[in-house]
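Everything on this sheet refers to the single structure shown next.
Coordinate-derived values only; no laboratory data. If you're wondering where the values come from, they're calculated on a predicted model, not measured in any experiment. Cβ: placed from backbone, ideal geometry, glycine included. Neighbour counts: every protein chain shown.
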C-alpha cells in the first residue's frame, strides 16, 4: 500500500460523514417545513365534530342535543367567513339548543354588525345561550389591547337574539323532551365569577348544566349542586406534542384539556374550540361539539 492509498482511506470516511450530516440536516429542514405547514395552514382550517353522550336526564327521557361552540376568536387571523362555516357545520347537527362558551374575539374588533348577523343564524335555528370568556373583555385582556369589559361582545350577542347568561340561570324546556336548568357563570380570569346561584336549590330537581369558559372553575364549585359543565378556553391544548402532552394549555389542571370526563359527582366537557391564537394548531384540530344529554340507565 503506497502513501496515496493511505491518504485516500483516511479522507473517505470524512466525506461520508459530511454527506450524512448534510442529508440529516436536509431531512430535519424538510420535516420542520412540513410541520409548520400543517400547524399554520392545514390544521387551523380543518374543523371536526366531537360527539359525546352524558347520562344526566331522568329515566325514560328523550335525548336533548346540545351543540357547543367556543373560542371563535374573531380576529385578522380568524375571519368571519371561517366562523360562519363553523356555525353552518353546527347547524347541520340539528341541535335542540345551542351553547356558546366564550372568547368571541381575541382583542379589539370593529365589524360588530356583520358578526351579529352571522350569529343570528344560530338563534334563528334553536334557543341559543352564551357565557363570556377572558378575551371578551376584562382587566387581563385590556393589558394586551383588548376591552376592559365585555360590553361590546354582549351587545353583539343580544342583537343576534342570543341570551347571555352573566351569572344567571334559565330553565330550558324543549317540547317532548326533559327540561333542565342552565346557568352561565362569569369567567374566573375576568373576576366575574359569582357562584352564589349554585347554592340555590335546583328547580324541581332538574338536571343542572353550567356554561363556564374556563374548566378550572370546577375546583371552586366542587361541592356545589350541578351535573355537567360545558367549557372551552384551552383550545384542546392547541399545540399537542407527539406523546400527547399539552404544555401550552392555559389551565392549572392539565388532566382536563379536551373531551368529556367524569369528575367526582359531576361531568366536564371541554371543547377544542373553533378559532386559535396566532392561527396555529398541532395535533389538535378545531371542532364544534355535539353533547347529547341522555337518560340515566
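Observations
- In terms of surrounding Cβ atoms within a 10 Å radius of their Cβ, 64, 296 rank from fewest to most as 296, 64.
- Full extension of the chain between residue 27 and residue 264 gives 80.6 nm of extra length, using 0.36 nm per residue less the Cα-Cα distance.
- Mean Cβ neighbour count within 10 Å, used as a protection proxy, ranking 50-61, 184-195 highest first: 184-195, 50-61
- Label-to-label distance for residue 40 and residue 112 is 3.4 nm, based on points extended 7 Å past Cα in the beta-carbon direction.
- Estimated from helices alone, the mean residue ellipticity of the chain at 222 nm is -8000 deg cm²/dmol (sum of -39500 (n - 2.57) over DSSP H runs with n ≥ 4, per residue).
- FRET efficiency for residue 174 and residue 142, using Cβ-Cβ distance with R0 set to 30 Å, rounded to 0.05: 0.20
- Structure-derived Rg/Rh (Cα atoms, Kirkwood Rh): which label, when the choices are [x] 1.17; [y] 1.01; [z] 0.95: [x]
- Of all DSSP beta bridges in the chain, antiparallel share, percent nearest 5: 30 percent
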